[in-house]
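The values are calculated or read from the model by the stated rules, or taken from the named source; none is laboratory data. A quick note: this is a predicted structure, and the numbers were derived from the prediction, not measured. Note: ideal-geometry Cβ built from the backbone for every residue, glycine included; neighbour counts use all protein chains shown. In case anyone asks, the SASA skips ligands and DNA or RNA and just uses the protein heavy atoms, side chains included. Shrake-Rupley method; radii C 1.70, N 1.55, O 1.52, S 1.80 Å.
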Amino acid sequence: MPASTKRGKIIILVAPSGAGKTTLAQRLMSEFPDIRFSVSATTRPPRPHEVHGKDYFFLTPEKFQQAIDRNEFLEWEEFYGGKRYGSLISEVEKELEKGYFVLFDIEVKGALNVKSQYGDEALAIFIRPPSDAVLVERLTNRGTENAESLQLRLERARMELGYADRFDHVIINDDLERCYNELRELVTTFMNQTTTY
Ligand code: ADP
Ligand code: 5GP
């Protein structure tokens with residue numbers, strides 16, 4: 001159980017695909033046991049090593065649609081060639097009620113949607129890559145994308161960068177250590193703040 005029995009809060013990390021948010025999110029969670037990952041649902045197929053219920057709930061398009069119809073999503077979006085991604089209310093609320101800090105690794109529109117629903121109960125951070133060229137290099141080196149999906153991710157990245165100034169904070173992932181320390185500082189301050197709901 002978390003140290004406090006108060007209701008938890010939300011931490012949202014947003015970054016164009018390839019900017020480093022998975023790396024940063026994993027580091028935060030290994031350092032802070034009270035931070036729990038919000039496991040989203042998606043209709044995209046699992047990558048090697050991804051585990052159902054841990055990385056995502058991998059749903060068929062039919063099951064995803066059923067969850068939409070039953071209003072089970074806090075937010076959901078469709079992109080990358082019709083693939084859908086969404087955050088399940090039940091998963092998020094269950095952890096908040098237990099006093100955990102729930103970490104969202106979601107894209108920009110979903111993030112702003114969650115922020116607008118939770119207000120001061122949510123900290124929304126945008127992580128920028130240092131440049132377009134670095135983003136391409138990281139995505140290429142990660143080796144998970146073919147040429148078409150790389151192109152789609154880059155187009156989307158340009159759109160997402162246009163929303164950066166709507167976030168509570170923007171940090172640049174140039175050097176990983178420097179970026180993590182900045183993130184850690186923001187998150188620690190937020191977790192220690194008392195919020196009146
Ligand atoms: P995202 O979750 O935003 O798509 P990842 O965390 O998977 O991004 O990072 C994309 C790739 O870039 C990974 O191979 C990761 O190891 C690498 N990476 C992340 N941050 C940095 C950094 N500051 N410098 C160099 N490489 C990085
Ligand atoms: P990936 O396919 O690389 O795992 O994720 C693609 C994009 O979907 C990333 O930007 C990721 O943050 C976003 N994403 C993952 N889960 C959700 C979700 O529940 N809702 C929204 N809106 N975006 C999500």
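Side notes on the structure shown:
- Fraction of beta bridges assigned by DSSP in region 10-192 that are antiparallel (%, nearest 5): 30
- Ordered from largest to smallest accessible area (heavy atoms of protein chains, 1.4 Å probe), the residues Glu145, Glu182 come out as Glu182, Glu145.
- If you run the Gaussian network model on the chain, springs between alpha carbon atoms under 10 Å, then out of Ser38, Ser17, Ser131 the most flexible one is Ser131.
- Compared with the alpha-carbon gap, the fully stretched path from Arg166 to Glu78 is longer by 29.6 nm at 0.36 nm per residue.
- Estimated at the nearest 10 Å², the accessible area of Arg47 is 70 Å² with a 1.4 Å probe.
- Each Lys or Arg adds one and each Asp or Glu subtracts one; over the other residues with Cβ under 11 Å from the Cβ of Val108, this totals +1.
- Computed [θ] at 222 nm, deg cm²/dmol, the chain (DSSP H ≥ 4; -39,500 (n - 2.57); rounded to nearest 500): -13000 deg cm²/dmol
- Each distinct pair of alpha carbons in the chain adds a 1/r term; the inverse of their mean, the Kirkwood radius, is 17.3 Å.
- Here is what passes the span test in the chain: the DSSP H helices with alpha carbon length of 20 Å or more along the helix axis and a Kyte-Doolittle mean of -1.0 or above are 147-161, 176-192.
- For the chain, the number of Lys pairs separated by eight or more positions or lying on different chains, with C-alpha atoms closer than 22 Å, is 22.
- A Förster radius of 25 Å combined with the Cβ-Cβ distance from Asn113 to Ala147 puts the calculated FRET efficiency at roughly 0.20.
- q = 0.14, 0.16, 0.22, 0.25 Å⁻¹: log10 I(q)/I(0) that the Debye formula gives for region 82-168, counting C-alpha atoms only: -0.63, -0.79, -1.15, -1.29
- Excluding ligands, DNA and RNA, the accessible surface per residue across region 1-57 is 48 Å² with a 1.4 Å probe.
- Figure note: Phe37, Phe126 ranked by solvent-accessible area, largest first, 1.4 Å probe, ligands and nucleic acids not counted: Phe37, Phe126.
- With every protein chain in place, region 10-192: carbon and sulfur % of accessible area (1.4 Å): 50
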